1. Out of 14, 58, 66, I need the residue that is touching a strand residue (DSSP E or B) at 6+ places or on another chain (Cβ under 8 Å) and at positive phi. Which one?
2. Look at the range 91-127 and say how many of its residues are in a helix (DSSP H, G or I) and either within 15 Å of residue 10 (Cβ to Cβ) or touching a residue at least 24 places away in the same chain (Cβ under 8 Å) (or both).
3. Give the residue, chosen from 58, 85, that is modelled with pLDDT under 95 and not hydrophobic (A, V, I, L, M, F, W, C).
4. Do we find a residue being at pLDDT 95 or above, touching a strand residue (DSSP E or B) at 6+ places or on another chain (Cβ under 9 Å), of a type in the set (Asp, Glu) and closer than 22 Å to residue 131 by Cβ anywhere in the range 40-55?
5. Which residues, taken from the range 19-49, are in a helix (DSSP H, G or I) and hydrophobic (A, V, I, L, M, F, W, C)?
6. Basic (Lys, Arg), surrounded by 13 or more Cβ atoms within 10 Å (Cβ to Cβ) and in a strand (DSSP E or B): is that true of residue 88 in this structure?
7. Among (1) open to solvent by 40 Å² or more (accessible area, probe 1.4 Å); (2) more than 17 Å from residue 108 (Cα to Cα), there is one condition residue 69 misses while meeting the rest; what is its number?
8. Of all residues in the range 35-51 being of a type outside the set (Gly, Ala, Ser) and either touching a residue at least 24 places away in the same chain (Cβ under 8 Å) or in contact with a Phe, Trp or Tyr (Cβ under 8 Å, 6 or more places away or on another chain) (or both), which is nearest to residue 73 (Cα to Cα)?
Amino acid sequence: MAGSIEQGTSQTHGRTHILHFLVRLPRSTDQVWPSLSTPEGLAAWFIPVDVLQPRLGGTVTLGDLGTGTVTAWDVDRIAEYTVEGGGRIRFHLERDGATGSALRFTHEFKGEGETEPAWRARFERLIDTLNS
């Protein structure tokens, strides 16, 4: 399995935008989890991480997106970061078949900024990183 990114969906409620993606990844959840939950893993495909306390209520600083809080944490399954200026970024990882994973992704933010093509490019980098 090489990995795939299904068509993203976008909703707007006033000034709040919500993006959803389903990304099928070519590795087990154990192999993917560090890419979503560690500074080194996130930096490899998404953004440099200055601070990450891996626990509910921990502090997180995601590069130029800003500083915030870990608002959901279920080891090996859910990592959610809410940062000032960057909104709420949620990674929900599930098993997909015998050897793959499915990443259910949500990004909720206010104003302009993040777009479906930008996230699609990031997920392509994630797939490339996992395939190398």
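The values are calculated or read from the model by the stated rules, or taken from the named source; none is laboratory data. The structure presented is a predicted model; accordingly, all values stated were derived computationally and were not measured. Neighbour counts are summed over all protein chains in view; Cβ atoms, including those assigned to glycine, are modelled from backbone coordinates with ideal geometry. To get the accessible areas, we keep the full protein, side chains included, count just its heavy atoms, and leave off ligands, DNA and RNA. Shrake-Rupley method; radii C 1.70, N 1.55, O 1.52, S 1.80 Å.
1. Values: 14 fails: touching a strand residue (DSSP E or B) at 6+ places or on another chain (Cβ under 8 Å); 58 fails: at positive phi.
Sole residue among the options that is touching a strand residue (DSSP E or B) at 6+ places or on another chain (Cβ under 8 Å) and at positive phi: 66.
2. Kept after step one, since they are in a helix (DSSP H, G or I), are these residues of the range 91-127: 116-127.
Then keep just the ones that are either within 15 Å of residue 10 (Cβ to Cβ) or touching a residue at least 24 places away in the same chain (Cβ under 8 Å) (or both); that gives 116-120, 122-127.
Residues in the range 91-127 being in a helix (DSSP H, G or I) and either within 15 Å of residue 10 (Cβ to Cβ) or touching a residue at least 24 places away in the same chain (Cβ under 8 Å) (or both): 11 in total.
3. 85
4. Yes, the range 40-55 has at least one match.
5. 32, 33, 36, 42, 43, 44, 45
6. Details: basic (Lys, Arg): yes; surrounded by 13 or more Cβ atoms within 10 Å (Cβ to Cβ): yes; in a strand (DSSP E or B): yes.
Answer is yes for this residue.
7. (2)
8. Here is the first cut: in the range 35-51, the ones of a type outside the set (Gly, Ala, Ser) are 36, 38-40, 42, 45-51.
Of the ones still in play, those that are also either touching a residue at least 24 places away in the same chain (Cβ under 8 Å) or in contact with a Phe, Trp or Tyr (Cβ under 8 Å, 6 or more places away or on another chain) (or both) are 36, 45-46.
Numbers: 36: 11, 45: 20, 46: 19 Å.
Looking at residues that are of a type outside the set (Gly, Ala, Ser) and either touching a residue at least 24 places away in the same chain (Cβ under 8 Å) or in contact with a Phe, Trp or Tyr (Cβ under 8 Å, 6 or more places away or on another chain) (or both), I get 36.
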